[in-house]
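The values are calculated or read from the model by the stated rules, or taken from the named source; none is laboratory data. Keep in mind the model is a prediction, meaning the values are calculated, not measured. Here the Cβ positions follow ideal geometry from the backbone for every residue, glycine too, while neighbour counts run over all protein chains shown.
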């Protein structure tokens, strides 16, 4: 999916919500455990209920890998289900990969060619040759970690260098030598809403993937105030607050309602464009 | 495996070689492709041939993930084979993970409890709470990326902050607040041999995992000169130069010979202890 198509979807659905499919077999409703593939059954129900209100899905690979081979099967089935039934959804593998060039190239083939995902999150620590192998695919995206939503983000990402630049700012600036706003986005946590002003000075046109709304405590309004640009420029993720809002047989219905609530708040923000 | 046991293995086998199981189905000898699981068949033969000459194995997960479910099966079988037949080998999953706390905790369970690996490589960009979930397991290790062997390592890892500290040095120093030389190691690329002197000022006692010997051009002698400490303190990895040294039916025999060559160079270095 290219940038223009993504923006068209956002306008049409009045939403820039990404539903995080952080599916944990220990947290899904117990009645699903009798299914052949409980994780896929959960995802399918969540997707069918929330798809009208979101424009993206983001499975975090850790949750699938933690179940070994079964987890990978559930992950692959989920991606296939999305590609077949909801081709207008932007699919992000939250993998936080990043390795030397030949290894990153293998990851790129896996996620972009074989699995037909739209985007992959990548950690920047290893620099250019760990990122560029992902950039050679038309209409595919690297989403580079810049300023994350967790407490530990303060340990290194905020370190100021001798040029007066913080590490996350250097990541934003330097990575623009490798890609552009048509193939690269950045992860910026909602828990640091006031930082969006500084970030927009460096990457005014890029889309930002924003975790940290909901369970982690970030404010949608603050993120929009400082982070929105003329093509929206935001994909805001919510995982736990939507997918685990209810643990009864009504879990999918409630997840759909929660997604709709967020979508309606987003519609208000999009009117300001 | 604890630090003392690792050092005992190094002394007994006169080796600190780690064989990198970066198994690529496109590179393995063609006669193996008729096997039910060619990747596992390749790994098994390589392990049997090289085990006398090394003290560790490091499968890079990217190579297995790139094959989807089949790859995970081959990975799991390889780990089970090692644990069953070579319990004295230190097994490192080269995964370069790193995510917010609850997600890192899932990874820790997967790799340490379910798969019974000894160590996992972790990327430091997200800071403390992305690393500490891995540290609560007795005799298990986090191997944190510090100074990697690739060209892109210069992009961020060498950035000097306002205190005069380079980012990789800050990672070394700061992470010692979270762990110690009994549960944490660092990745330091062999391609930057002269840097080991600076690194040993900050982490004199820790083990370092050193990629970049062989195909990537690093020098074993230089690494030992500057990096070795009184308990060896080095696990030097070689992947391609050993496992792909030959592509005929003799591939395993040749891999064993290559591993033995490296082991003999290492034996010379260990005599200096």
Enumeration of residues in the stretch A:227-251 that are surrounded by 15 or more Cβ atoms within 10 Å (Cβ to Cβ) and farther than 19 Å from residue A:56 by Cβ: A:246, A:251
Among (1) over 24 Å from residue B:209 (Cα atoms); (2) at pLDDT 95 or above, the one test that residue B:73 misses: (2)
Selection status of residue A:16, crowded, with 19+ Cβ neighbours inside 10 Å, at pLDDT 95 or above and within 14 Å of chain B (Cβ to nearest Cβ): no
Members of the stretch B:148-175 that are closer than 17 Å to residue B:98 by Cα and more than 10 Å from chain A (Cβ to nearest Cβ): B:172
Residues satisfying the stated conditions in the stretch B:201-223, i.e. closer than 27 Å to residue B:2 by Cβ and out of contact with any strand residue (DSSP E or B) (no Cβ under 7 Å at 6 or more places or on another chain): B:201, B:202
Meets criteria (touching a helix residue (DSSP H, G or I) at 6+ places or on another chain (Cβ under 6 Å), closer than 24 Å to residue A:1 by Cβ and assigned to a helix (DSSP H, G or I)) for residue A:255: yes
Filter result (more than 14 Å from the chain's Cα centre (by Cα) and touching a residue at least 60 places away in the same chain (Cβ under 8 Å)) within the stretch A:112-148: A:139
Qualifying residue in the stretch A:203-221 (condition: at the interface with chain B (Cβ under 10 Å from one of its Cβ atoms), crowded, with 21+ Cβ neighbours inside 10 Å and within 19 Å of the chain's Cα centre (by Cα)): yes
Qualifying residue in the stretch A:184-195 (condition: in contact with a helix residue (DSSP H, G or I) (Cβ under 6 Å, 6 or more places away or on another chain), within 14 Å of another protein chain (Cβ to nearest Cβ), in a helix (DSSP H, G or I) and crowded, with 23+ Cβ neighbours inside 10 Å): yes
